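Reviewing the structure listed below.
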Amino acid sequence: MPAATDADGLTVGQVSTRLGVTVRALHHWDDIGLARPSLRTPAGYRLYTAGDLERLQRIVVYREIGLELERIRAVLDDPAADVPGALRAQRAQVAQRIDRLQQLSAGLDRMIAAHERGLLLTAEQQAAIFGPQWNPDWPAQARQRYGDTAQWQQYAERSASRSPEEWRAVADTVADLDRALADAMDAGVAPGSPEANHLVERHREVFAAYFPLTRQMQVCLGRTFEADPGFAAHYDGIRAGLATWFRQSIDASARAHGIDPDTAGWQ
């Protein structure tokens with residue numbers, strides 16, 4: 001390689017700034033023979049001529065559209081290379097990538113909406129799925145109350161990927177459990193019995209459709225089911241006294257697992 005003065009070409013740093021590529025990339029392309037500088041200074045530093053810069057500009061363009069370095073070498077150096085064919089193949093890959101990114105964007109939109117709204121269902125869909133007693137304001141109220149908790153985040157992640165049909169399946173499962181609780185109370189099943197404990201465990205499994213429920217958290221929910229007017233009306237509307245029976249069953253199951261219901265917290 002001929003020697004030159006600093007005025008005969010651009011340095012690596014200058015080329016890096018002009019083309020927006022790293023010095024490390026330029027060194028690598030030199031090392032593999034893809035884009036070697038034509039000159040060097042007496043001190044041995046690389047200098048790029050106008051011809052070198054033109055080749056580098058083409059490399060940058062091809063890299064931007066995703067061609068691999070060896071493919072770029074063939075496009076630049078092989079007279080028989082099918083450049084349009086290579087570009088068409090790359091265009092197909094780019095189209096696939098765009099489609100995937102659009103899907104990711106739509107997923108992010110749903111995730112954002114789920115964190116902000118809870119349910120990604122219209123008021124009409126909510127009424128059709130959860131019944132006429134459902135209040136479409138409840139998800140917004142829940143977000144206001146629980147939006148900064150890990151459980152709301154878990155709920156939102158499930159909600160973002162759930163279709164109306166899947167929500168209907170969740171609602172049907174909850175309704176089946178409510179009927180089983182009412183039937184058990186009617187049959188005189190006592191809190192703390194194996195039958196009642198089984199229903200308490202079933203409740204934790206069903207509730208996992210919203211977020212994982214620990215036994216201590218379930219105790220807290222049991223208190224809410226009995227004390228909150230809305231929840232109490234729901235359970236007592238199924239069977240008079242069901243809210244208290246269910247809370248007592250949850251407490252008894254908790255004690256069987258070494259948890260004091262009087263001191264249980266949301267954890």
Would you work out which of Ala43, Val170, Leu108 lies farthest towards the positive end of the dipole of the chain, given +1 charges on the beta-carbon of Lys and Arg and -1 on that of Asp and Glu, about the Cα centre? Ala43
Working out 0.36 nm times the residue gap between Glu166 and Gln267, then minus their Cα-Cα distance, what length gain in nm do you get to one decimal? 33.6 nm
Could you give the distance between the Cα centres of segment 104-126 and segment 194-236, to the whole Å? 25 Å
First measure r as the distance between the Cβ atoms of Ala81 and Ala128, then evaluate 1/(1 + (r/R0)^6) with R0 = 35 Å and state the FRET efficiency to the nearest 0.05. 0.05
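Highest mean first, what order results for 158-166, 91-99, 117-125 on Cβ atoms within 10 Å?
Numbers: 158-166: 14.6, 91-99: 10.9, 117-125: 16.1.
Put in order of decreasing packing, that is 117-125, 158-166, 91-99.
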Please find the FRET efficiency linking His198 to Asn135, where r is the Cβ-Cβ separation and R0 is fixed at 25 Å, and quote it to the nearest 0.05. 0.20
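With a cut-off of 8 Å between alpha carbons and a minimum separation of six or more residues, what is the relative contact order of the chain in percent?
On the way: 257 pairs, mean separation 30.7, N = 267.
About 11 percent, as a whole number.
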Could you tell me which of rounded, prolate or oblate describes segment 39-168, using a ≥ b ≥ c as the square roots of the eigenvalues of the alpha-carbon gyration tensor, with rounded for a/c under 1.5 and, failing that, prolate when a/b is larger than b/c and oblate otherwise? prolate
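Using Cα pairs under 8 angstrom and six or more residues apart, how large is the relative contact order of segment 6-81, in percent?
Working: 65 pairs, mean separation 20.8, N = 76.
Computed over segment 6-81, the figure is 27 percent.
Every number in this text was worked out from the coordinates using simple rules, so none of it is lab data. These numbers come from a predicted model, not from an experiment. Counting neighbours? That spans all protein chains shown, and the Cβs are built from the backbone with ideal geometry, glycine included.
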